[in-house]
Amino acid sequence: MDWKEILRRRLATPSTSPNKKKSEQELKDEEMDLFTKYYSEWKGGRKNTNEFYKTIPRFYYRLPAEDEVLLQKLREESRAVFLQRKSRELLDNEELQNLWFLLDKHQTPPMIGEEAMINYENFLKVGEKAGPKCKQFFTAKVFAKLLHTDSYGRISIMQFFNYVMRKVWLHQTRIGLSLYDVAGQGYLRESDLENYILELIPTLPQLDGLEKSFYSFYVCTAVRKFFFFLDPLRTGKIKIQDILACSFLDDLLELRDEELSKESQETNWFSAPSALRVYGQYLNLDKDHNGMLSKEELSRYGTATMTNVFLDRVFQECLTYDGEMDYKTYLDFVLALENRKEPAALQYIFKLLDIENKGYLNVFSLNYFFRAIQELMKIHGQDPVSFQDVKDEIFDMVKPKDPLKISLQDLINSNQGDTVTTILIDLNGFWTYENREALVANDNENSTDLDDT
């Protein structure tokens, strides 16, 4: 008989002692006891033969406290040994050279131009001869990933070798970064990343010209970019995986190239010219030489045409000291304005524009900021533009899900976030947008004149 039916009948049976009426709580307790008994009997027929399931395995290991010196030392040593073992598993230069020799020896004709190719059969032969360290690279999955449109079903030897090199480099870099992960949790705090970059400076030839007195400012400038873009919630730590996945580390290590072009240095945030430019701008804005920027001093940033309303919001929302901005806060400001197409930069500016802290911009918010643009236009002798026209253009550009509200995600999805924010905070940016057609026509005329000469 089903245990549910037994339980139902038992509960329906009248009490054997009618004079003694059971309380509601006693009835509930009796019901629970019977349920437990019958459920245990029913489950007993499905006993698991594996004894392991009787105990829950340990899955949480507490980090040693600050006063547990011996445990901390043990943890540090064990991590160091683990990272050394992982480092020994990587291909060294001699093994990479041997791999290249084997690939070149087993290439499959015909070549495509000057590019050597290899088919899957020879690919596996090389894998057998290359040694155990290379085994992970010689799989069908890797071959299929690099297989494109070759009619003979081959892959490029150079592409495969570059793939191996890239993997080895990523593992080496991860091990290098992990050495600075004091907590051993896969994150780097700001101080950890500062130590990493400080010790990296002597290995970058493009930074040889930096004076040691500038090192602390350079490190601050470099670290700020990582944290501005990779730590949007401002937790004070970044995943090592995120550092490896982004292009910032590539840009930083590009400074190892002694022949890096001037153009590349100018566009690289981590180059010496770029760091000196940003810090030089900060010093030029600091008229009273107190090492901090007031709202009046920051108003001269760029073309000095940002509205007072926007600057007020900057000093309301950003971290300041007695109403003045330090270099680190200034770097966030610069990174946001120089990268307005990036989601992290739009998030920074959106927070300033969202004066009611509602998570969206409405007509009131847009009018609040554009009114300051209209006032600046009057001061500069220009005819103010109608807000209704600008508002309609903004909503047409963004095409928000809600026709009356613009969210941060709407701005990002529209790919017009940089234009919208520029229109609302900077007179020069608005003027450039308003006269974009005339500017394009002038550029075309100038290029035509150059062609004629």
Among the numbered criteria (1) open to solvent by less than 10 Å² (accessible area, probe 1.4 Å); (2) of a type in the set (A, V, I, L, M, F, W, C); (3) within 30 Å of residue 249 (Cα to Cα), which single criterion is violated by residue 350? (1)
Odd one out for residue 152 among (1) under 26 Å from residue 253 (Cα atoms); (2) not in a helix (DSSP H, G or I): (1)
Out of curiosity, is residue 259 open to solvent by 30 Å² or more (accessible area, probe 1.4 Å) and free of Cβ contacts under 8 Å to residues at least 12 places away in the same chain? yes
Restricting region 325-347 to residues that are touching a residue at least 24 places away in the same chain (Cβ under 8 Å) and closer than 12 Å to residue 282 by Cβ, the residue that is surrounded by the fewest Cβ atoms within 10 Å (Cβ to Cβ): 328
Looking at 226, 214, which is the one that is surrounded by fewer than 18 Cβ atoms within 10 Å (Cβ to Cβ) and either in contact (Cβ under 8 Å) with a residue 24 or more places away in the chain or in contact with a helix residue (DSSP H, G or I) (Cβ under 8 Å, 6 or more places away or on another chain) (or both)? 214
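Would it be correct to say that residue 68 is open to solvent by less than 90 Å² (accessible area, probe 1.4 Å) and acidic (Asp, Glu)? So that I can check it myself, show each step before the final result.
On the way: open to solvent by less than 90 Å² (accessible area, probe 1.4 Å): yes; acidic (Asp, Glu): yes.
Taking the combined requirement at face value, the residue satisfies it.
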Test residue 108 against the criterion of being part of a loop (DSSP other than H, G, I, E, B), of a type in the set (Val, Ile, Thr), open to solvent by 80 Å² or more (accessible area, probe 1.4 Å) and in the same structural domain as residue 87 (by the TED database), and give yes or no. no
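Hey, among 176, 127, 153, 184, which residue is within 16 Å of residue 98 (Cβ to Cβ), touching a helix residue (DSSP H, G or I) at 6+ places or on another chain (Cβ under 9 Å) and of a type in the set (Gly, Ala, Ser)? Show your work before the answer.
Values: 176 fails: within 16 Å of residue 98 (Cβ to Cβ); 153 fails: within 16 Å of residue 98 (Cβ to Cβ); 184 fails: within 16 Å of residue 98 (Cβ to Cβ).
Only one candidate passes the filter, namely 127.
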Residue 115 passes all but one of the listed conditions (1) open to solvent by less than 80 Å² (accessible area, probe 1.4 Å); (2) outside the structural domain of residue 174 (by the TED database); the exception is number (2)
Suppose we filter 96, 188 for residues that are assigned by the TED database to the domain that holds residue 234, touching a residue at least 24 places away in the same chain (Cβ under 8 Å) and either out of contact with any Cys (no Cβ under 9 Å at 6 or more places or on another chain) or within 30 Å of residue 62 (Cα to Cα) (or both); which single one remains? 188
Selection within region 255-309 - of a type in the set (Asp, Glu) and under 30 Å from residue 367 (Cα atoms): 296, 297
What residue, among those in region 268-299 that are open to solvent by 20 Å² or more (accessible area, probe 1.4 Å), in contact with a helix residue (DSSP H, G or I) (Cβ under 7 Å, 6 or more places away or on another chain) and in a helix (DSSP H, G or I), is farthest from residue 207 (Cα to Cα)? 295
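Evaluate the following for residue 373: is it among the β-branched types (Val, Ile, Thr), touching a residue at least 40 places away in the same chain (Cβ under 8 Å) and surrounded by fewer than 18 Cβ atoms within 10 Å (Cβ to Cβ)? Let's see the steps before the verdict.
Working: among the β-branched types (Val, Ile, Thr): yes; touching a residue at least 40 places away in the same chain (Cβ under 8 Å): yes; surrounded by fewer than 18 Cβ atoms within 10 Å (Cβ to Cβ): no.
No; evaluated as a whole, the condition is false for this residue.
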Condition first: part of a loop (DSSP other than H, G, I, E, B) and exposed (fewer than 13 other Cβ atoms within 10 Å of the Cβ). Can you find one or more residues in region 128-136 that meet it? no
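The values are calculated or read from the model by the stated rules, or taken from the named source; none is laboratory data. This is a predicted model, so every value here is computed, not measured. As a convention, Cβ positions derive from the backbone with ideal geometry for all residues, glycine included, and neighbour counts pool all protein chains shown. Ligands, DNA and RNA are stripped out before the accessible areas are found, and what is left, the full protein with its side chains, is counted by its heavy atoms. Shrake-Rupley method; radii C 1.70, N 1.55, O 1.52, S 1.80 Å.
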